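Engineer: Take a look at this one; I'll ask things after.
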Amino acid sequence: MLRTAKELHDYAIGAVDGAIGQVKDLYVDDKAWVVRYLVVETGSWLTEKKVLISPRAIGKPDSAAQMLPVSISKEQVKNSPDFDAEKPVTRQHELAHSSHYGYLPYWGGTGLWGDGMYPNVMPEGYSGLKTQQAMAPQDRYTLSPAEAALDEHADPHLRSCAEITGYHLDASDGAIGHVSGMVIDDETWAVRYLIVDTSNWWLGHQVLVAPKWIEAVSWVESSISVKLTRQAVKDAPVYEPGQSLTREYEALLHQHHGFNGYWAEGEHRNTETSHV
């Protein structure tokens, strides 16, 4: 199901033994355009700190209760690697996070999540979703010498959804507007669309832009360039805030811009976007 990042904000996180806290932000992989972590603000049970929760642990969302169930315990969260929301999430921190929860790293494969497209599907025979201490020795993930030697300050290409919101959008022939939100697939946790507010170009219009249509991202200039013309964007099917996105609407949108839909192409990493 497709949900906006705004909708997920303040969703409760329910561990196997009680509530953990609420979603306050998302960390997006700027190469594959996938949500890698949810930033969760804990309640008073953990001195109201922020922790990272991987989609690998998330079950089927409960829209009625506005809750995301996770297959981890409060004790696991309490003992997870420290996280500073004011600093970048380094690859070393990700390795420590994966090791703590017993996940296989998502990088290194050709799919969105390692060699697969779903975060919570592990390779056959892999025990998964256990702490390292609870796993059999042969199932434990150990860091390779190369991974262990990674510079602790290395940038793993994770960007805050809150940071990206507000970025300027440029078509091939001029400015379009700015990012006002994202549409997330809650099964793969892929970012399916950026919601673009074009009110600074023409009044009261929002459009959707798929990550595969992005040509370049400049983190220095807080801007995103797309492989579309301004007229093509203006003539695209209108997006109404809060509307449920049907496959029919998505197909019309992709056909309008001359691209195949992600559902027809399969899931793989986007390696064509340049980043500055």
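Just so you know, all these numbers are worked out from the coordinates, no wet-lab data involved. Predicted, not measured: the structure shown is a model, and the values here were computed from it. With ideal geometry, Cβ positions are generated from the backbone for all residues, glycine too; neighbour counts draw on all protein chains shown.
Engineer: Taking the simple approach of a point 7 Å from Cα along Cα-to-Cβ for both residue 48 and residue 75, what is their distance in nm?
Structural biologist: 2.8
Engineer: Continuing with the same structure: Local charge sum around residue 66 (other residues, Cβ-Cβ under 10 Å, Lys/Arg +1, Asp/Glu -1)?
Structural biologist: On the way: positive: none; negative: 7, 10, 62.
Every neighbour counted, the sum reads -3.
Engineer: Which residues' amide hydrogens lie under 5 Å from the amide hydrogen of residue 37, considering only partners 5 or more residues apart or on another chain, with H built in the peptide plane?
Structural biologist: Here the answer is 27, since their amide H atoms fall under 5 Å of that of residue 37.
Engineer: Something else: Please enumerate, by chain and number, the lysines with C-alpha under 20 Å from the C-alpha of residue 60, excluding those fewer than 8 residues away in the same chain.
Structural biologist: The qualifying lysines are 6, 24, 74, 130.
Engineer: Report the gain in length on full extension from residue 255 to residue 9: 0.36 nm times residue separation, minus Cα-Cα distance, nm rounded to one decimal.
Structural biologist: On the way: separation 246, 0.36 × 246 = 88.56 nm, distance 3.11 nm.
Here the answer is 85.4 nm.
Engineer: Could you pull out the pairs from 31/234; 50/78; 31/227; 31/78 whose alpha carbons sit more than 19 Å apart here? Show your work: numbers first, answer last.
Structural biologist: Details: 31/234 27 Å; 50/78 11 Å; 31/227 16 Å; 31/78 30 Å.
Long pairs (Cα-Cα over 19 Å): 31/234; 31/78.
Engineer: What nm value, rounded to one decimal, do you get for the distance between residue 200 and residue 115 when each label is placed 7 Å out toward the C-beta?
Structural biologist: In this crude spin-label approximation the distance works out to 4.6 nm.
Engineer: Amide H of residue 170 versus every other amide H placed in the peptide plane: which residues, excluding those fewer than 5 positions away on the same chain, fall under 5 Å?
Structural biologist: 176, 224, 225, 226
Engineer: Stretch residue 64-residue 215 to full length: gain in nm at 0.36 nm per residue minus the Cα-Cα span?
Structural biologist: Working: separation 151, 0.36 × 151 = 54.36 nm, distance 3.77 nm.
So the chain would gain 50.6 nm between residue 64 and residue 215.
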